[in-house]
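J.: One structure is given below, represented as structure tokens, and several questions about it will come after.
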Amino acid sequence: MSRREFLRRGGATLVAAGAATGGALWLYDPTGKAGLRQPSPQRLPNYFATVDYPVSAPRISIARGGALDPQTVEKMVRAAVGGLNGGPGLSRFIRKGDVVLLKPNVGFERAPQFAATTNPDVVRAVIRLCREAGASRVLVADNPIEAAPNCFARSGIQDAAQREGARVLIPANVHFTPLAIREPNPDGTPYRPDPARHEALGTWPVFWEPLREANKVIGIPIIKDHNLCYASMGLKNWYGLLGGRRNQFHQAIHDIISDLGLMLSPTLTIVDGTRVMMRNGPTGGSLSDVKDGNTVVAGVDPLACDAWCYENLLERDPAALRYLDLAQAKFGEQEAGPRSYAEAGRFGTRHWTDYRNRGLIVETVVRSGE
Amino acid sequence: MRITTVRILVQTVMFGLFLAFVLLTTFTHLNDWPSAKWVVSKFLEVDPLVGIATAITTHTVYRGLLWGLVILIPTLFLGRIFCNWICPFGIFHHFIGWVFNRRNTKEKIDSNRYRPLFALKYYILVGFLAAAVFGCLQIGLLDPIVFLYRAFTIGVLPVANMPTQSLFGDYHMHANAWVVGSLFLFFVSMNWVIPRFFCRAVCPLGALLGVLSRYAFWRIDRDPDKCVNCDLCLQSCEGASDPHKQLRMAECFVCFNCIEDCPHEALRFAFLPSRRQEIRSPDIGRRHAVFAALVGALFFGWTKAGGKSTQDFSSKVIRPPGSVEEQEFLARCIKCAQCIRVCPTNVLQPALFESGAEGLWTPILNFRMGACQHQCTACGHVCPTGAIQRITVEEKLGLGAFEAVGPIRLGTAHFDLGRCLPWSKNISCVVCEEVCPVSPKAIHCEYRQMLVRDGKKLVRAATATALTLVDSPAPGQAVGAPCTFRPGEFKGDASLSYHVQVYRAGGLVRTYPIADNDADTLVVDGVMDPVPPAAAVAAIHVQLKVPKIDTEHCIGCGLCELECPVVGDRRAVYVTAEGETRSMSYSERARNRSLRLTRTADAGRAVEENPRRPGSGEMPDPRSLLS
């Protein structure tokens, strides 16, 4: 063997041995715990915190109309939102360049008249408002119980969104990421929810793809009867962002719905009360389950919004709605001290009548047709 | 332009069309482009073997299968042009052989000589058709178009979808994807051993077209005066049809390679050339053909003797909405998997032997994968053979004109009470009621009271609103130990509440709701009158909603099973085929599987509209037959 050949082979051997050793050390798991690693969860910002909202401005704005044609519905939406905005439009909530996620309820494959899903005319009007306020992109997303493409198609929401240039996100498994709903423990381990304190969510996979991009989130729930939790409204609407085997929480449904209020503080809630499913919810399926509500409610206080709708649209006593109690308690627990917006970062009271007494509810009546 | 260049262009277009059709066969695409549903199964419809075999089993030619004439008639004139110009599986083999070729010219010539093995496909065809005569449709196992649709839907596209989920959504999951995929891989790999092995030796469609080529007006013809017997015409011969001597008409794919390869221009595509230069019939022996037919008949016998589609039918065999009755279904389903591909929820799965050997790869619903989407009828619209009828949403759900007939039921849901949380574990749940999509809901609830663990106590002292309790005395004790409840344990919440039943002398029971409790005292909601005496038995019950099924309204969609939080392989609520409307038709064989679970008369409309023999007379009112 020549010297040159010896050096060449020796060098190659050394490089190979070095690469193997380096690679092994780079991947080395001395404690053997790598198999227990969890992906680090995402956190959600408070989507209301960036809104410069005066404490003295109305908290709930109600618009009523006399018909359900698209023009009247759009007028209702504009009137309801305008009541909070202090004038037409959405300028107080949406700034130029914002990426807005709209979360309607598209939970089932039903045509709009069955009131199991948000009225597409309401969604259309909100998209237009966002566009007019300068939003650069509008996303529409939900993770329905039934097959998502069918639900979006049948509800008319896909069509409404696409015609208005909004992007519909159909959920796929890869779109879900764990979200830390509550702060992790001081040592960094995930918080384990305590059922005795009515906590259901610690860290849980959510439909992250739309949340990843959006910096504003508007909930557009429909209001309807629900066999387990009595009513599906604004707080319950966030259930549609959860992934995993989320239905296992139904054994503690009031716990989880109140947790959902903690999970996401929306920029704005716009409740579709144009049609209201009064019974056989949340699926319905018969026109006899539905009454015309002819109402759109916008609010910056999700709890008060739900309480108002439950009493005035579903015509039931909100004192019996346990998840509102729990949510209010949790809002208080999270943010000790008086629940003014300035301190808590969100409005949250189930006593909508307080707002009425303080003159923080505005009502508008919209004339039908054109 | 050379004729082979034209052929390559046509092949590219044809394979591209096939791929486009398969990719388009999804709910989303057919919803966006509704007219696409008329073309996505077109390759299956033009396949004359599908048309002929289903005509044998059903005595009808279903809708689009008339398109088979578009292939069948030109074959009578031109020979097997389908195999090398149109068939996407043939094109795929051709392409693979070209890309991976490592043979030199001599080896190529030898690999393209005719072998006796290539007669196998005729026996396969005869066997399949013989089974079809008895109503057992098996051509789909090896028909190239069906095979390729199935291989792409189950074996190829889900895998291709894995790295692209963020763009195209979740990939479909199929338990036996590896079997379907491996078979595909096997036939593709066989090109290394024998070029176009599948087309030459296995393909029953090729065999059928080979038989039909017998009287072709045009064929490749060799001029013996110009031929120098160099055999170069064999080097690219796709069909192994011996163009260098007497042409085997049944084997020639009309690819025109031999004409191009001949250095002496001895070959041409000629109109009615001399009969001495051709071998017209396939190379099969009559006795062997009879034997193949017997094997086919025997296979039919075995499938029926298995009883899995009749007496011993599996209640897991739940067919897609609009499916015809099971025997008719098996006579129609070619196992192409188009329904499986289009299904938006992944609930449709290729069967193994759940419906017997003949039911291999036919679609069945697996409610752990999905549920039958309430207002979706996509599967019937892509089914090329009418095994799943084209139904409307109104027909599926029994709305509008179909109200009197009622909805199509795929089966019926049942509860496994031992696994159901509220029924057996005192845990409130009823997700099944929540998701039940029919109105009124087929799953409904009643409140039931069930004794809590160690719930039987004795009253030690009582007031009108409170009971202080002790345990039952242990043997040898005079007085039981004081109770040690967790304070507030029986307060209940919105989903469940607690009650105490007080047994009085004479067995009378009064029940009071519990408002609150501490370690040994229950505060009842209301006033107890009369106040229970000491030593009365007090039994603490939990009251919660338990779900029940109203079979009158259940359509067997499986959403309850899919969503049941008891997620193991046997859900607490599950759907079986019993009660399916397609078995409610009039024939004895359908009736063998039927179980009436509703009190009202109803019959599967899909079956009714699809009588096996047209013109068999007026259909009687379904209700008159169901009493």
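The values are calculated or read from the model by the stated rules, or taken from the named source; none is laboratory data. The shown structure was predicted, so the numbers you read here are calculated from the model rather than taken from an experiment. Quick reminder, even Gly has a Cβ in these numbers, built from the backbone with ideal geometry, and neighbours come from all protein chains shown.
J.: Filter the stretch B:62-80 down to the residues that are under 29 Å from B:Glu325 (Cβ atoms) and surrounded by fewer than 17 Cβ atoms within 10 Å (Cβ to Cβ) and list them by number.
T.: B:Arg63, B:Leu66, B:Leu69
J.: Let me ask another. Among (1) within 13 Å of chain A (Cβ to nearest Cβ); (2) of a type in the set (D, E, K, R); (3) in contact with an Asp or Glu (Cβ under 6 Å, 6 or more places away or on another chain), which single condition is B:Arg409 missing?
T.: Against the list (1) within 13 Å of chain A (Cβ to nearest Cβ); (2) of a type in the set (D, E, K, R); (3) in contact with an Asp or Glu (Cβ under 6 Å, 6 or more places away or on another chain), B:Arg409 comes up short only on (1).
J.: For the subset of the stretch A:110-141 comprising residues that are assigned to a loop (DSSP other than H, G, I, E, B) and either among the aromatic types (Phe, Trp, Tyr) or away from chain B (no Cβ under 14 Å) (or both), which member is nearest to A:Thr283 (Cα to Cα)?
T.: A:Thr118
J.: Does B:Ile334 satisfy being closer than 13 Å to B:Leu410 by Cβ, modelled with pLDDT of 95 or more and either in a loop (DSSP other than H, G, I, E, B) or of a type in the set (Val, Ile, Thr) (or both)?
T.: Answer is no for this residue.
J.: Hey, another quick one. Restricted to the stretch B:398-433, and to residues that are at pLDDT below 90 and not in a loop (DSSP other than H, G, I, E, B), which residue is surrounded by the most Cβ atoms within 10 Å (Cβ to Cβ)?
T.: Going through the qualifying residues, I end up with B:Phe402.
J.: While we're looking at this one, here's another question. Sort out for me the helices (runs of 4 or more DSSP H) sitting completely within the stretch B:23-125 that have 1 or more residues that are within 14 Å of chain A (Cβ to nearest Cβ) and either in contact (Cβ under 8 Å) with a residue 60 or more places away in the chain or within 21 Å of the chain's Cα centre (by Cα) (or both).
T.: B:27-32
J.: What are the residues in the stretch A:73-130 that are under 27 Å from A:Ser56 (Cα atoms) and in contact with a Cys (Cβ under 6 Å, 6 or more places away or on another chain), if any?
T.: A:Ile94, A:Val100, listed by residue number.
J.: Considering only the stretch B:414-428, I want to know if a residue exists there that is aromatic (Phe, Trp, Tyr), away from chain A (no Cβ under 12 Å), touching a Cys at 6+ places or on another chain (Cβ under 9 Å) and closer than 19 Å to B:Leu157 by Cα.
T.: Checking the stretch B:414-428: not a single residue is aromatic (Phe, Trp, Tyr), away from chain A (no Cβ under 12 Å), touching a Cys at 6+ places or on another chain (Cβ under 9 Å) and closer than 19 Å to B:Leu157 by Cα.
J.: Continuing with the same structure: If you check A:Leu201 against the conditions, is it over 13 Å from the mean Cα position of the chain (by Cα), closer than 25 Å to A:Thr349 by Cα and more than 11 Å from chain B (Cβ to nearest Cβ)?
T.: yes
J.: Now for a different question. What do you reckon, is A:Gly165 free of Cβ contacts under 8 Å to residues at least 40 places away in the same chain and farther than 30 Å from B:Cys560 by Cα?
T.: yes
J.: Also, I was wondering about something else. Residue by residue through the stretch B:483-507, note down the ones that are in a strand (DSSP E or B) and away from every other protein chain (no Cβ under 14 Å).
T.: B:Tyr498, B:His499, B:Val500, B:Gln501, B:Val502, B:Tyr503, listed by residue number.
J.: Show the residue pairs meeting these rules: Cβ distance below 6 Å; 6+ apart or different chains; first residue within the stretch B:3-18 and over 28 Å from B:Gln338 (Cβ atoms); second residue surrounded by fewer than 17 Cβ atoms within 10 Å (Cβ to Cβ).
T.: B:Thr4/B:Glu260
J.: Restrict the check to the stretch B:196-210 and report whether at least one residue is in contact with a Gly (Cβ under 7 Å, 6 or more places away or on another chain), buried (at least 19 other Cβ atoms within 10 Å of the Cβ) and farther than 30 Å from B:Phe271 by Cα.
T.: no
J.: Could you list all residues from the stretch A:214-229 that are among the aliphatic types (A, V, I, L, M) and either out of contact with any strand residue (DSSP E or B) (no Cβ under 7 Å at 6 or more places or on another chain) or in a strand (DSSP E or B) (or both)?
T.: A:Val217, A:Ile218, A:Ile220, A:Ile222, A:Ile223, A:Leu228
J.: Oh, and also: Given the options A:Leu68, A:Leu27, A:Leu36, name the one that is more than 30 Å from A:Leu242 (Cα to Cα) and free of Cβ contacts under 8 Å to residues at least 12 places away in the same chain.
T.: The unique qualifying residue is A:Leu27.
J.: How many residues are among the basic types (Lys, Arg) and either over 17 Å from B:Val254 (Cα atoms) or assigned to a helix (DSSP H, G or I) (or both) if we restrict to the stretch B:197-225?
T.: Counting residues in the stretch B:197-225 that are among the basic types (Lys, Arg) and either over 17 Å from B:Val254 (Cα atoms) or assigned to a helix (DSSP H, G or I) (or both) gives 2.
J.: Still on this structure, please answer the following. Taking the stretch A:1-42 as the region of interest, how many residues are surrounded by 10 or more Cβ atoms within 10 Å (Cβ to Cβ) and under 30 Å from A:Ala214 (Cα atoms)?
T.: So the answer is 3.
J.: Would you check if B:Phe256 is crowded, with 18+ Cβ neighbours inside 10 Å and within 24 Å of B:Phe198 (Cα to Cα)?
T.: Yes.
J.: So is B:Leu469 within 30 Å of B:Phe329 (Cα to Cα), of a type in the set (A, V, I, L, M), in contact with an Asp or Glu (Cβ under 7 Å, 6 or more places away or on another chain) and away from chain A (no Cβ under 14 Å) or not?
T.: Considered against the rule, which asks whether it is within 30 Å of B:Phe329 (Cα to Cα), of a type in the set (A, V, I, L, M), in contact with an Asp or Glu (Cβ under 7 Å, 6 or more places away or on another chain) and away from chain A (no Cβ under 14 Å), B:Leu469 comes out as no.
J.: What tally of residues in the stretch A:230-272 results from selecting those that are within 14 Å of another protein chain (Cβ to nearest Cβ), surrounded by fewer than 24 Cβ atoms within 10 Å (Cβ to Cβ) and not in a helix (DSSP H, G or I)?
T.: 5
J.: Identify, by number, the condition in (1) out of contact with any Ser or Thr (no Cβ under 6 Å at 6 or more places or on another chain); (2) under 18 Å from A:Ile62 (Cα atoms) that A:Asp272 doesn't meet.
T.: (1)
J.: Could you list all residues from the stretch B:1-54 that are among the charged types (D, E, K, R) and loosely packed, with under 14 Cβ neighbours inside 10 Å?
T.: The one that is among the charged types (D, E, K, R) and loosely packed, with under 14 Cβ neighbours inside 10 Å: B:Arg2.
J.: Taking the stretch B:439-450 as the search range and keeping residues that are in a loop (DSSP other than H, G, I, E, B) and either buried (at least 22 other Cβ atoms within 10 Å of the Cβ) or without any contact (Cβ under 8 Å) to a residue 60 or more places away in the chain (or both), which one is farthest from the other protein chains (Cβ to nearest Cβ)?
T.: Once the filter is applied, the top-ranked residue is B:Ala442.
J.: Kindly state which helices (runs of 4 or more DSSP H) lie completely within the stretch B:508-608 and contain at least 2 residues that are modelled with pLDDT under 85 and under 52 Å from the mean Cα position of the chain (by Cα).
T.: Where helices (runs of 4 or more DSSP H) fall fully within the stretch B:508-608 and carry at least 2 residues being modelled with pLDDT under 85 and under 52 Å from the mean Cα position of the chain (by Cα), they are B:588-591, B:605-608.
J.: Determine which single condition B:Gly135 fails, assuming it passes every other condition in (1) in contact with a Pro (Cβ under 7 Å, 6 or more places away or on another chain); (2) not in a helix (DSSP H, G or I).
T.: (1)
J.: Could you go through the stretch A:287-303 and let me know if any residue there is β-branched (Val, Ile, Thr), closer than 25 Å to A:Glu146 by Cβ, touching a strand residue (DSSP E or B) at 6+ places or on another chain (Cβ under 7 Å) and within 11 Å of chain B (Cβ to nearest Cβ).
T.: Taking every residue of the stretch A:287-303 in turn, at least one turns out to be β-branched (Val, Ile, Thr), closer than 25 Å to A:Glu146 by Cβ, touching a strand residue (DSSP E or B) at 6+ places or on another chain (Cβ under 7 Å) and within 11 Å of chain B (Cβ to nearest Cβ).
J.: If we scan the stretch A:293-312, do we find a residue that is surrounded by fewer than 23 Cβ atoms within 10 Å (Cβ to Cβ) and hydrophobic (A, V, I, L, M, F, W, C)?
T.: Checking the stretch A:293-312: not a single residue is surrounded by fewer than 23 Cβ atoms within 10 Å (Cβ to Cβ) and hydrophobic (A, V, I, L, M, F, W, C).
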